[in-house]
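Single-structure report; data block below.
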Amino acid sequence: MAVTGPSHVGSAKCADRPGPRPAARTPLGRSTVEQGGLDEPHEGNSAMPQPQNIHHVGVLVENLEDAIRKWSLGTGYTFSEIGRYRTEFYSDHSNPRPHHHDARISFSKEGPPHIELMEFHGAGTHSAAQGEGIHHLGFMDHPRVEGVKTDLEAAGMRSDGVATDESGAILLWFTEKSDLHGIRLEFVSPVPQPIVMDDGSPAYRDARGFPSLWPPEPDTV
């Protein structure tokens, strides 16, 4: 889900601004005939998003506190306080109607790509039925989430997981994991995300005033 790392202070998370990649490194699609449904990329295909650096790798875990301990030990990384991505406007394959979503999360300070640990939640995209492991590759502050969703769906890539605001504007969107070898893509809009601390209290605020799991750095107070 979306929150910013400490380098954004100064994402919901303040996200690192992605830098451009060489033009030759375009995303890879699949032939409709050979690979089962996605259009082959070609020059001028509006369905292909502009290359953007991966902001974080989302990892689904059974127990968040235990995962933070293990990932801290294994990587030496520092993880944020636990927060929640809490909204009443999430929909996925378990329920296409907007419903309650309250995923417990923690982000690594180190990155990008940062590591986002997410605890099993609900009956859909974040449920125990999904199993532990890599859940998604996250792209923060994407300038046209609704547009890329429309384009990729038109090319045959399916949707499974979207959070909106009360007006229906997309906050974040997940692709269907089976379309990219068992891993979702997450596109997050450059707007405040519904992040609270684990106890439900308000999250910290980054330099943009967006909710964050990291306290402001001294020179930004």
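Let me make sure I get this right: for segment 55-96, a, b and c are the square roots of the gyration tensor eigenvalues over alpha carbons, sorted descending. Under 1.5 in a/c it's rounded, otherwise prolate if a/b > b/c, else oblate. Which is it?
prolate
Mind listing the long-range amide H neighbours of THR125? Cut-off is under 5 Å, sequence gap 5 or more, other chains count too, H placed in the peptide plane at 1.01 Å from N.
So THR125 has HN proximity to HIS93, SER94.
Which cross-chain or sequence-distant (5 or more) residues have an amide H under 5 Å from the amide H of PHE79, H modelled 1.01 Å from N in plane?
The list, which skips near neighbours in sequence, is LYS109.
At 0.36 nm per residue, minus the direct Cα-Cα distance, what do THR150 and GLN50 gain on full extension? Give it in nm, one decimal, please.
Full-extension gain reported as 34.6 nm.
Full extension from GLU217 to ASP102: what is 0.36 nm times the residue separation minus their Cα-Cα distance, to one decimal in nm?
Taking GLU217 through ASP102 to full extension adds about 38.7 nm, to one decimal.
Just check segment 50-220 against the gyration tensor rule for me: Cα atoms, a ≥ b ≥ c as the square roots of the eigenvalues, rounded for a/c under 1.5, and otherwise prolate or oblate depending on whether a/b exceeds b/c.
Rounded shape, in that the Cα axes give a/c under 1.5.
Applying the Karplus parametrisation 6.51 cos²θ - 1.76 cosθ + 1.60 with θ = phi - 60° to the phi angles of segment 113-129, what ³J(HN,Hα) value in whole Hz is obtained for each residue in order, glycine and proline being reported as x?
Values per residue, Gly and Pro as x: x, 6, 9, 10, 9, 10, 7, 3, 7, x, 10, x, 5, 10, 7, 4, 5 Hz.
Tell me, what HN-Hα J-couplings in whole Hz come from the Karplus equation 6.51 cos²θ - 1.76 cosθ + 1.60 at θ = phi - 60° for each residue of segment 64-73, using x for Gly and Pro?
Karplus values, whole Hz, x for Gly and Pro: 5, 4, 5, 5, 4, 4, 5, 5, 5, 5.
For segment 64-101 and segment 124-150, compute the distance between their C-alpha centroids and round to whole Å.
12 Å
Using modelled backbone amide H atoms (1.01 Å from N, in-plane), which distant-in-sequence or interchain residues come within less than 5 Å of ASP160's amide H?
Those lying under 5 Å, H to H, from ASP160 are PHE174, THR175, GLU176.
FYI, it's all coordinate maths here, none of it is from the lab. It should be emphasised that the depicted structure is a prediction, and the values quoted were computed from it without experimental measurement.
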